[in-house]
Every structure is written in C-alpha cells, then in structure tokens.
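Note sheet for the following structure.
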Ligand code: HEM
C-alpha cells in the first residue's frame, strides 16, 4: 500500500491552494512511529490479531451448543468464573471485553487514517480502474464490510449479551437465547448473520493476507500457500460460526 501512496504522491498534481507538506520521513519523526503509515499498519495487524484470536475462541466455544443445553450454559457460566476466586467474579471476562473494545477502536482509527492518507496522496482519481488489488475490490470489501461487521456486532450485543432484542428475555439462559433468537420465525435474523459472517470471512481473508505482507512473509514461493492459508482459516471460521444459527433455524438444534 505504501507503494501506491508514494506513486500517487509523486505523479498526481497537488492543488495549489494547499500549503506544501513536509516529506513523509520528517512527518514521521515529528509524530512518532504511530503516526507513520508503518506504525498504523502495525496497529492494524496487532489489533486484528487480537480479534482473530478472540473469534477463534468464540467460534470454538459456540460449538458447545451441539453438546446440549447443560454443557452450553455451563460453558457460558465458566467464562464469567475464569480466575475466580483468585480474582473477583467476571474480572477476566471484563478484561477481555476492554481489550476487544480498545482493539476495535484502534483498528478502525488506523484504517480510517490510512485511507485518508492514501486519498490525500492521490488527490486526482485514477483515470482507469485501478489494477492493484489494494486499491480496488479489496478496499471496497474492507470498507463496506467493516461497516456491516460493526452494525452486526452492535445488533449481536443487543441480542445475546444485553438481551434487549431477544425474545427469550433477560432472565433466560444463554442456550435459550440462541434457540429462540434463531428460531425459524426469525429467519431474517439468521439471514443477517449469514451476510455479516460472509463479510467477516472476506474481511479476515484480506486482513490476514495484508498482515502476512506487512510482516514481509508473503514474497515469492510463499505467496500461494499463504493466500491459501488466509482463505482456509477464514472459511473454517465462517463455517464454524454459521453452523450454529443455521442448525437452529432448520431445526437440528432445539
Ligand atoms: C453465529 C455466530 C455467533 C454466535 C452464535 C455468537 C454467540 C454469542 C453469544 C451467545 C454471546 C453471549 C455470550 C455470553 O454472554 O455468555 C456472544 C457474545 C459476543 N459475541 Fe458472538 N456469536 C457469533 C458471532 C460473533 C462474531 C462474528 C463476532 C465478532 C465479529 C462476535 C462478537 C461477540 C462479542 C464481542 C460478544 C460479547 C462478549 C462479551 O460479552 O464479553 N460474535 N456471542
């Protein structure tokens, strides 16, 4: 992506009324590592990795639903008891929630500021459709996919954590919330999950691939296996997640 920015900056005409900007290296020295493009990409990679690890654990935990109501509810209770009595009830879960919330905010902040920097460096749009993956389809998928995922997470928390929009009501067990939340009569909710999870998969595939590139792993003969790995991990995660609402909606889990 850096190459795209520099190519744009070197060739695109800059509007005359804007004051001249200092060279990138000077700006980076002044603002520090986290204001540089590489710093922001590192923030994206680290926060992305935190979220991927959470998603893998979350997906694996959700599969407990196939072991029945008792196992699933015990697992949900266990999440709140991790570390107890060494630390107060729900401490570890609250820490996980804080780390996740900070990761989401930093991830979005670095994405928006990298996108702004790229469009400042390229004030005149390409005359032809960009050939580079980083400036075409993938950018649109990441941008709009990211917005859909954010809306999904808001709905998801209202539904299954705060139980504000779930028919099972606030005094229900987690298993009941899932079974009633994805009941056949609420198929539009399941459909929304399918769309959002496909977005999560596309986002993850591109994010993993970008992270491999940022880490300098993706050159030469490693390109194909790493692309396959990014696609494979994303597909497994999406299929694992999807199995839960789909099994409930079609009546396999009751
Ligand atoms: C079909 C897919 C999914 C199912 C069935 C599911 C299920 C659940 C359930 C039951 C909870 C409540 C846990 C509890 O309070 O004990 C929960 C919380 C949560 N889920 Fe999901 N989830 C799914 C996908 C996702 C995805 C894709 C994301 C993120 C992109 C996500 C992010 C979260 C977050 C942030 C919480 C709150 C965690 C907390 O309270 O600490 N979930 N999910």
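Residue by residue, here is whether (1) over 21 Å from residue 239 (Cβ atoms); (2) at pLDDT 95 or above; (3) in a helix (DSSP H, G or I) holds:
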position: 26; (1), (2), (3): yes, no, yes
position: 55; (1), (2), (3): no, yes, yes
position: 59; (1), (2), (3): no, yes, yes
position: 65; (1), (2), (3): no, yes, yes
position: 70; (1), (2), (3): yes, yes, yes
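Of all the criteria given as (1) more than 10 Å from the ligand (Cβ to nearest atom); (2) assigned to a helix (DSSP H, G or I); (3) under 25 Å from the mean Cα position of the chain (by Cα); (4) modelled with pLDDT of 95 or more, the one not satisfied by residue 94 is (1). Here is a check on your reading of the model: is residue 192 within 9 Å of the ligand (Cβ to nearest atom), under 18 Å from residue 238 (Cβ atoms) and assigned to a helix (DSSP H, G or I)? For residue 192, the condition - within 9 Å of the ligand (Cβ to nearest atom), under 18 Å from residue 238 (Cβ atoms) and assigned to a helix (DSSP H, G or I) - is not met. Taken over the stretch 45-89, residues that are more than 30 Å from residue 246 (Cα to Cα) and without any contact (Cβ under 8 Å) to a residue 60 or more places away in the chain amount to 8.
The values are calculated or read from the model by the stated rules, or taken from the named source; none is laboratory data. Since the structure is predicted, the reported quantities are computational estimates derived from the model, not experimental observations. Positions of Cβ are generated from backbone atoms using ideal geometry, with glycine treated the same way; all protein chains shown enter the neighbour counts.
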